[in-house]
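**Q** Here it is, the structure in full.
The values are calculated or read from the model by the stated rules, or taken from the named source; none is laboratory data. Just so it is clear, the structure is predicted and the values come from calculations on it, not from any experiment. Glycine also receives a Cβ, built like all others from the backbone with ideal geometry; neighbour counts cover every protein chain displayed. All accessible areas refer to the heavy atoms of the entire protein, side chains included, with ligands and DNA or RNA removed. Shrake-Rupley method; radii C 1.70, N 1.55, O 1.52, S 1.80 Å.
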Amino acid sequence: MTTLLRNCWYVAVSSKDLKPKKIIHKKILGEPILIGRKKNGQVFAMRDICPHRGIPLSYGSLDQDDITCRYHGWKFNTNNGKCKEIPSLTKYDNLDVERIQVLTYPCEEVQGNIWIYFINTNKSQSKSTDIPSVPTIPDFGKLSPGITETMQFSCNIDHAIIGLMDPAHGPYIHDAWWWRSGPRKFRVKEKHYEPVSQGFRLVSYNMPVSARPYKILGKDVSIEIIFQLPGVRTEILKGDRYSACLLTCITPIDEYSCEIFQSVYWTIPWAAVFKPLLSLLTRQFLAQDRDAIIQQQEGLMYDPSLMLIDDADTQAKWYFRLKQEYQRSQENNIPFVNPLDPKILRWRS
Ligand SMILES: [Fe+2]
């Protein structure tokens, strides 16, 4: 339940929260990480601890390609983590400073998010060729999100993921006047799912126009939802006029907390005026999930045994199966094979 998957890309920070020439500290998968953006816009990530005396390097300064530690001025190259200079050395010292190295992480910026790849520490460092490409939303090219909201959840990543993919909590947790007109009506939902590379997807279907905001996209709005390990949910909406996408990425801070990154993309040229409203609604929506999680923690403290029922919790069961299979493939150094089969899921909500 609590294992944090490695050999995966995780969103570390939203692009908008890291300006050029800035460095920030983050705890991700329990590790101290420094993430920076150089003057030329390039992003990088390294272990946020000076190998000399342990002070976080993020208290230091970034100058061109180098980080200078604020404690003793040791200078490190941000591209390879190698030490370049130790100011206290004299010509009588023969210390090879380049042998001192800070761990660096593969770091890439894609569609408005900065991602970091966590190598499996049990094995010798993977070659760069072993690293898969960063999850990308198809058909959205280099489009940046209109808005990105981040929120911390005080729970293990598993509870955040199964909470966000859970189709039965909507009517109770996300009850908003602007979403649906009229009183709440439960209906039987019947949806077709199939496996994809490291997850599963809700096969694209045309939505009944019950939800008001979708009409902005035009007629015949189709929806497709893809979930991929370690915690990436992509919801793509396509109408005859415009498309939109909701990307939700969950990154463990440690075993007890995680960070949710929610980005909304759209191709609607005039929608920029709605950014403040959309930000507010997205925050409200995430806060509803967060508040339920906070209450749930009060019960989880007693370590109760929990239930996953069919079909409302089948996606949660799939998540655990995928995770287990992914871990098995990592441990045995064999290729990951998706264990899921196509299935129609039915629930009332
Ligand atoms: Fe929710």
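**Q** Out of all the residues in the stretch 268-296, which are of a type outside the set (A, V, I, L, M), more than 16 Å from the ligand (Cβ to nearest atom) and not in a loop (DSSP other than H, G, I, E, B)?
**A** Step one: list which residues in the stretch 268-296 are of a type outside the set (A, V, I, L, M), which gives 269-270, 274-276, 279, 282-285, 288-291, 295-296.
With more than 16 Å from the ligand (Cβ to nearest atom) added as a condition, the list becomes 269-270, 274-276, 279.
Passing the criteria: PHE274, LYS275, PRO276, SER279.
**Q** Quick check on LEU143: is it in a strand (DSSP E or B) and not basic (Lys, Arg)?
**A** No; evaluated as a whole, the condition is false for this residue.
**Q** Quick one: is PHE153 in the same structural domain as GLY299 (by TED's automatic domain parsing), at pLDDT below 90 and in contact with a strand residue (DSSP E or B) (Cβ under 7 Å, 6 or more places away or on another chain)? Break it down stepwise before answering.
**A** Numbers: in the same structural domain as GLY299 (by TED's automatic domain parsing): yes; at pLDDT below 90: no; in contact with a strand residue (DSSP E or B) (Cβ under 7 Å, 6 or more places away or on another chain): yes.
When the stated conditions are applied, PHE153 does not pass them.
**Q** So, one more: Tell me, yes or no, whether the stretch 243-263 has at least one residue that is part of a helix (DSSP H, G or I), open to solvent by less than 30 Å² (accessible area, probe 1.4 Å) and touching a residue at least 24 places away in the same chain (Cβ under 8 Å). Before you say what the answer is, go through the steps one by one.
**A** In the first step, residues of the stretch 243-263 are kept if they are part of a helix (DSSP H, G or I); the result is none.
No, because not a single residue in the stretch 243-263 is part of a helix (DSSP H, G or I), open to solvent by less than 30 Å² (accessible area, probe 1.4 Å) and touching a residue at least 24 places away in the same chain (Cβ under 8 Å).
**Q** Is it the case that some residue within the stretch 328-336 is touching a Ser or Thr at 6+ places or on another chain (Cβ under 8 Å), in a loop (DSSP other than H, G, I, E, B) and either of a type in the set (A, V, I, L, M) or farther than 19 Å from ASP166 by Cα (or both)?
**A** Taking the stretch 328-336 as the starting set, the residues that turn out to be touching a Ser or Thr at 6+ places or on another chain (Cβ under 8 Å) are 335-336.
Imposing the further condition that a residue be in a loop (DSSP other than H, G, I, E, B) reduces the set to 335-336.
The next check asks that each one be either of a type in the set (A, V, I, L, M) or farther than 19 Å from ASP166 by Cα (or both); those that pass are 335-336.
There is at least one residue in the stretch 328-336 that is touching a Ser or Thr at 6+ places or on another chain (Cβ under 8 Å), in a loop (DSSP other than H, G, I, E, B) and either of a type in the set (A, V, I, L, M) or farther than 19 Å from ASP166 by Cα (or both).
**Q** Same structure, new question: Count, please, the residues in the stretch 13-41 that happen to be crowded, with 23+ Cβ neighbours inside 10 Å and farther than 16 Å from PHE76 by Cα.
**A** Qualifying residue count for the region: 2.
**Q** Let me ask something additional. Of the residues that make up the stretch 292-311, is at least one within 21 Å of GLU149 (Cα to Cα) and in contact with a Gly (Cβ under 8 Å, 6 or more places away or on another chain)? Talk me through it step by step, then tell me what you get.
**A** Of the stretch 292-311, the ones within 21 Å of GLU149 (Cα to Cα) are 292-294.
With in contact with a Gly (Cβ under 8 Å, 6 or more places away or on another chain) added as a condition, the list becomes 292-293.
Yes, because at least one residue in the stretch 292-311 is within 21 Å of GLU149 (Cα to Cα) and in contact with a Gly (Cβ under 8 Å, 6 or more places away or on another chain).
**Q** Also, I was wondering about something else. Scanning for something part of a helix (DSSP H, G or I), over 23 Å from the mean Cα position of the chain (by Cα) and in the same structural domain as GLY239 (by TED's automatic domain parsing), does the stretch 299-315 turn up at least one residue?
**A** Yes.
**Q** Does the stretch 97-112 contain any residue that is in contact with a Cys (Cβ under 6 Å, 6 or more places away or on another chain) and either part of a strand (DSSP E or B) or open to solvent by 40 Å² or more (accessible area, probe 1.4 Å) (or both)?
**A** No - not one qualifying residue is present in the stretch 97-112.
**Q** So LYS91 clears everything in (1) touching a strand residue (DSSP E or B) at 6+ places or on another chain (Cβ under 8 Å); (2) surrounded by fewer than 21 Cβ atoms within 10 Å (Cβ to Cβ); (3) more than 30 Å from ASP158 (Cβ to Cβ) except one condition, right? Which one?
**A** All conditions are met except number (1).
**Q** Here's a follow-up. Output the number of the condition that CYS258 fails; it satisfies all remaining conditions of (1) within 16 Å of the ligand (Cβ to nearest atom); (2) out of contact with any strand residue (DSSP E or B) (no Cβ under 9 Å at 6 or more places or on another chain).
**A** Just one mismatch for CYS258, condition (2).
**Q** Looking for whichever is more than 28 Å from SER329 (Cβ to Cβ), in contact (Cβ under 8 Å) with a residue 60 or more places away in the chain and not polar (S, T, N, Q) here; the options are VAL43, VAL102. Which one fits?
**A** VAL43
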